[in-house]
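The values are calculated or read from the model by the stated rules, or taken from the named source; none is laboratory data. Since we're looking at a predicted model, the values are computed, not measured. Glycine also receives a Cβ, built like all others from the backbone with ideal geometry; neighbour counts cover every protein chain displayed. Protein only, heavy atoms only, side chains kept; ligands, DNA and RNA dropped before computing areas. Shrake-Rupley method; radii C 1.70, N 1.55, O 1.52, S 1.80 Å.
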Amino acid sequence: MHSCPHAAEMQGKEKFLRYALDVGHDQHLQVVSDPDNILGQHIGNGIWTSAHELVCFLRIQHPFVLRHQRVLELGAGLGLAGQAAALSGANVILSDTAEMMQLMQINTQANKQMLLDCPGSLQAMCVLQWGCCLSNYPYGPAKLQPDLILGSDITYDPAQFLPLLQTIAAYAVIKHDVQVILAMPDREETSAFLETASKHGFVWRCLRQVQKPDLLTPILIYQLVLGPKPSQDVLQLQVSPCPSSVTIPWTDGPVSAAAALVSEAGQHGSGFTAASQPSPLSNAGADEGTPGESSSVLGARRPGTIASPGQLLVQSGTGSSPASYPSPGTVSPPQSMLGDDNPAAYPPLGRVLPYVLLVLDFDWSVIEENSDTFVVHELGGWESFQRLKAQGLPWTELMDAAMVAVHSQQGRRAADIKAACVRVPMHPRMHEVLQEASASSNVHMVIVSDANTVFIDYILQAQGLQGCFNAIITNPARFVDKALRISPYHTQPHGCAACPPNLCKGLVIEELLLQHNYCQIVYLGDGRGDYCPCTRLGPNDHILARQNYPDGTECSLLQLLTEQGVPSKDCRQRLSPSHMPVGDDSLAAGLTGEASKQETEAFANTTETSDVSFAKSGQQQQQTDAADVDGARCQGTHAADDQSLETEQQSRLSSLPLGDKTKHSLQWQHASVYSWSAAVDAANLIQLLLKAPTQT
């Protein structure tokens, strides 16, 4: 850090502080702060850590969120997040109080050339008084209709909680698919703000917690969604109109004297104190790329994408056209979940607003087996599998090598693999509920699995469920020289120590949530890999965690939740009328009195029928497989092998400081957790939770 000789001469002993801040992708924004309060004493006179971490989250981890979007930054201060969004292709409006306009203008002037040359644009800087009437406001809800609202460290004043929520609600009511992303420190005021938001009908989730050695307080990235029943208070704006002071960058004539001073100082090396500012941002774990290009850490092409139930869609800039699910084993070039790699082809986010997102693990959740080990057994490759496993290969590499071995040693081909997949068991009640959910316009149904595209595709074909899911996110697989080859879903390091290197389900959930607003999430899973995505869930969401496998082995997801102090209850209790009182805040609140009794009787009848049917199918299965392998022995071996995979993941977790992160993310968010052992119970609870979602 050094002083500039002309600064004292022009401003006495008071100086602006100017430095370059790394905002990712080898780009730096000039930051001009006012530590000596030259322009007055304001809390936004400097860069807060939350703003920097918000930039990191959006530009490095999820750049697709910004491209070609209309962005409104609330409480922008120096405008760091908004300017960084423009560099990534967003069209940005910066807003704050009147007192902050001059310093905001100074900062945009310092980055003028970068902002003029970037793929996005800085459209305006305006005064926006929270809670005021916006009917005649130049960038009001009806006129601007933003796709994305950003805010960093703007919840420090409890007196502004309701006005802030009123302003957000005003935009969300007009455009219900607007994404609201807030970066806030982990402190009491943040907790109080979230409680206030819940009270007034908002749904919130913690997408990310940033905890670094140089951070005194962790930074939390939240998504805020206006729920179906907002309070009257939050919908009632003040009568007084919002001030309409607007500055259009670089087109309003001469800049202010202070801005001119800083601009001149930037050219001649005077008028400010320069600081060398090392950035906490790092591109480690992210794809290389420039703003405007796809650089999401989720780099591999997905076998499916968000679409309407019953078909998969290929999204384009002008709409969506039907497309069939890729044939087994096909792999395509990298892309984002949103669609084409061409930035111009990305559609506006969240044009459809389903009420519920149903996320399903596949092995031991949708099906009653581990598809990987089951198929290996069926193909006669178990001995080769065990020899390869002893080499310590990561699971996806192990499965890839095992499938090559069964082809080279046993001569197994696509037809043999398909025949093995046909024999994978699925409970008939689960099958029935998934078909029912796929027909609902209020539900997006997504499989997120550590299996592979070929196995899942063949199994769903055999069960008549192909095309029922809006997205299937798993490891891509294809046939090369008649041998099945399996690749990792994440082709670049994802940076999550809690997940296997091939797939972080938590990052997948983040991308799904950043594409659509959901008022509720139902997550079905069993293993350690399902734990990370569960840390993204909020108070309105439900986790259905399997309790144990058929051989009695305890499942890791429920174990981890219990270790973190997250309470759970048996899902059968949730299905009981005594546990569905009037006023229950879940979707089943309407199932009271006779309706609850009828529902429970129907569930009981369905359970008995399904159990008998599943028992018969199990007997037929054992008879069919008797010539090849002992079904009971395989089942025990499969569960034991699942446990070895859990042990592999546990070794990664042991060195990770998860305590603070998970306790905060789960205990504070307190998503409802239900344990289950029988697939029929899980299916019945899924049906109940999806039964009658409130329309938004």
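Structure above, values below:
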{"item": "Arg387-Asn548 FRET efficiency (beta carbon distance; Förster radius 25 Å; 0.05 resolution)", "result": "0.30"}
{"item": "Over the range 497-562, equivalent-ellipsoid semi-axes from the Cα gyration tensor in Å", "result": "22, 15, 9"}
{"item": "Highest to lowest packing among 137-145, 119-127, 240-248, 355-363, scored as the average C-beta count within 10 Å", "result": "355-363, 119-127, 137-145, 240-248"}
{"item": "Heavy-atom accessible area order for His28, His431, His516, largest first, 1.4 Å probe", "result": "His28, His431, His516"}
{"item": "Spin-label proximity, His670 to the range 175-198 - amide N less than 18 Å from point 7 Å beyond Cα toward beta carbon", "result": "187-198"}
{"item": "Cα Rg over Rh - the range 455-496, Kirkwood", "result": "1.06"}
{"item": "When each of Lys112/Lys212; Lys389/Lys505; Lys389/Lys418; Lys15/Lys112; Lys143/Lys199; Lys143/Lys229 is checked by Cα-Cα distance, pairs over 26 Å", "result": "Lys112/Lys212; Lys143/Lys199"}
{"item": "For the range 178-252 and the range 105-170, distance of Cα centres in Å", "result": "12"}
{"item": "Accessible area of the range 58-211 belonging to carbon and sulfur atoms, whole % at 1.4 Å probe", "result": "48"}
{"item": "Inter-probe distance in nm under a simple model that places probes 7 Å from Cα toward Cβ, at Asp117 and Lys229", "result": "5.5"}
{"item": "Virtual paramagnetic centre 7 Å along Cα→Cβ of Ala98, amide N under 13 Å, in the range 122-159", "result": "127-129"}
{"item": "For the range 416-433, Karplus couplings with θ = phi - 60° (6.51, -1.76, 1.60), whole Hz, Gly/Pro x", "result": "5, 5, 5, 4, 5, 5, 4, 8, 5, x, 9, 5, x, 5, 5, 4, 5, 5"}
{"item": "Percent breakdown of C-alpha pair distances by 5 Å bin, ordered from the shortest bin, for the range 381-432", "result": "4, 18, 22, 19, 15, 10, 8, 4, 0"}
{"item": "Scaled radius of gyration (Cα, divided by 2.2 N^0.38 Å) that the range 120-236 gives", "result": "1.08"}
{"item": "Pairwise label distance in nanometres, Ile174 with Glu188, each label 7 Å out on the Cα-Cβ vector", "result": "3.7"}
{"item": "Prolate/oblate/rounded call for the range 174-221, Cα gyration tensor, a/c under 1.5 rounded", "result": "oblate"}
{"item": "Equivalent ellipsoid semi-axes, the range 421-468, via Cα gyration tensor eigenvalues times 5, rooted, Å", "result": "19, 13, 9"}
{"item": "Antiparallel bridges, percent of DSSP beta bridges restricted to the range 13-165 (to nearest 5)", "result": "30"}
{"item": "Cα-based Rg and Dmax for the range 427-560, where Dmax is the largest Cα-Cα distance (Å)", "result": "15.7, 49"}
{"item": "Cα-based radius of gyration of the range 349-418 once divided by 2.2 N^0.38 Å, which approximates compact folds", "result": "1.51"}
{"item": "Computed accessible area, Lys418, all protein chains, 1.4 angstrom probe, square angstrom", "result": "80"}
{"item": "³J(HN,Hα) computed for each position of the range 239-248 - Karplus, 6.51 cos²θ - 1.76 cosθ + 1.60, integer Hz, glycine/proline x", "result": "6, 5, x, 6, x, 10, 6, 10, 10, 8"}
{"item": "In sequence order, calculated HN-Hα J values of the range 146-151 (Karplus, 6.51, -1.76, 1.60; Hz; x Gly/Pro)", "result": "x, 7, 9, 10, 10, x"}
{"item": "Tensor-based shape of the range 147-204 (alpha-carbon gyration tensor, a/c under 1.5 rounded, otherwise prolate or oblate)", "result": "prolate"}
